[in-house]
Amino acid sequence: MSNENLPVFNRIAVACPPQNPEAAAESKRVAEALRELGVSHVVALAISNEALRSELQGGGFDLLIVLGGDGSMMRAVHLSAPVGVPVLGVNFGHFGFLIEVQREGWRQRLPDLLSGRFWVEERMMLLSEHWRGERRLGSWQTLNEAVVARGQIVRPIMVNARVDGVELANYVADGVLVATATGSTAYALAVGGPIMPPELRNMLIVAIAPHLSIDRAVILPEGAQVSLVAQTTHQAVFSVDGHPPVYLENGDEVRVSANDHAARFIRFEDRGYFYRNITRYMQQNPSTGGTR
């Protein structure tokens, strides 16, 4: 085979959520089809498999194909973004805001993929850190949003929000979130935030059910440093991209800033796809009066 005919990608992981047997079976078919098209190294495995993380970190893959929904896509990005590996999503979930290919269409797209007939969309990510005094307790790659919110007790908390060291507001609310443009169509949209095109490199602060507090979203530039300090006598939590919550003590701080890494998605559609998709998904959502 000449170099001109070699596939663009030669080390591909095909991953799926472990709880989806249909996606698991299809991932094996995707892997076999890739081998038939000349890809030298293809592995099909669960997205939770530690071997996926270790081989990605070791440079073992140059593409990650995910059969799942948006949750699986976010998990894939958390793994792939630090090493710059692009992700292609095949929809085995529900809406699939981040997905590029519907489940019945993957076979037709493989020749385009392997011959380079696509573009790579880069989306800003955040770095979210949990601090207690001078001690950093953890940090997280963040694609959608970081949330500081009340726990199980149905009572608002106070969140002191600062931007670049300057106080923005003392929110009394169920919580406050900091989102990317990608996250603007997720939790932030549900609590009244604006829709931001995915190529924007901005951050968005939105209060969740604010009580006598600022009830408007605030859009910040990429270089902003955001601090959220929980001030409460009852339970408060911190969560990133829908992950299980981390419990906060009174005075704990969540710091959010732009990440050095970007999410990279394989796209076949033109760059106007986002506006078509957002309209279609809203029309399909029963809560907006649409139909499936």
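The values are calculated or read from the model by the stated rules, or taken from the named source; none is laboratory data. On a predicted model such as this, the values are computed, not experimentally measured, just so you know. All Cβ positions, glycine included, derive from the backbone under ideal geometry; neighbour counts span all protein chains shown.
Taking every residue in segment 144-157 that is within 10 Å of Gly175 (Cα to Cα) and pairing it with any residue that is among the hydroxyl-bearing types (Ser, Thr, Tyr) and not in a strand (DSSP E or B), at least 6 positions away or on another chain, the pairs with Cβ-Cβ distances below 6 Å are Ile157/Thr232. A single entry from Arg123, Arg132, Arg107 fulfils the requirement of being touching a helix residue (DSSP H, G or I) at 6+ places or on another chain (Cβ under 8 Å), over 21 Å from His261 (Cα atoms), in contact (Cβ under 8 Å) with a residue 60 or more places away in the chain and among the basic types (Lys, Arg): Arg107. Of all residues in segment 253-278, those being of a type in the set (S, T, N, Q), assigned to a strand (DSSP E or B) and farther than 30 Å from Asp164 by Cα number 0. Checking every residue in segment 240-250 against the condition of being assigned to a strand (DSSP E or B), under 24 Å from Leu67 (Cβ atoms) and in the same structural domain as Pro156 (by TED's automatic domain parsing) gives at least one match. Taken together, Ala81, Ala31, Ala51 contain a single residue that is within 22 Å of the chain's Cα centre (by Cα), part of a helix (DSSP H, G or I) and surrounded by 17 or more Cβ atoms within 10 Å (Cβ to Cβ), which is Ala81.
Going by what's in this entry, would Val206 be described as without any contact (Cβ under 8 Å) to a residue 40 or more places away in the chain and loosely packed, with under 14 Cβ neighbours inside 10 Å? Criteria not met by Val206.
Every residue, every condition in (1) within 22 Å of Gly183 (Cβ to Cβ); (2) surrounded by 14 or more Cβ atoms within 10 Å (Cβ to Cβ); (3) aromatic (Phe, Trp, Tyr), yes or no:
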position	(1), (2), (3)
Asn20	no, yes, no
Ser40	no, no, no
Pro86	yes, yes, no
Asn91	yes, yes, no
Phe95	yes, yes, yes
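When each of Glu122, Glu145, Glu100 is tested for being among the acidic types (Asp, Glu), within 21 Å of Ala207 (Cβ to Cβ) and under 21 Å from the mean Cα position of the chain (by Cα), the lone residue that passes is Glu145.
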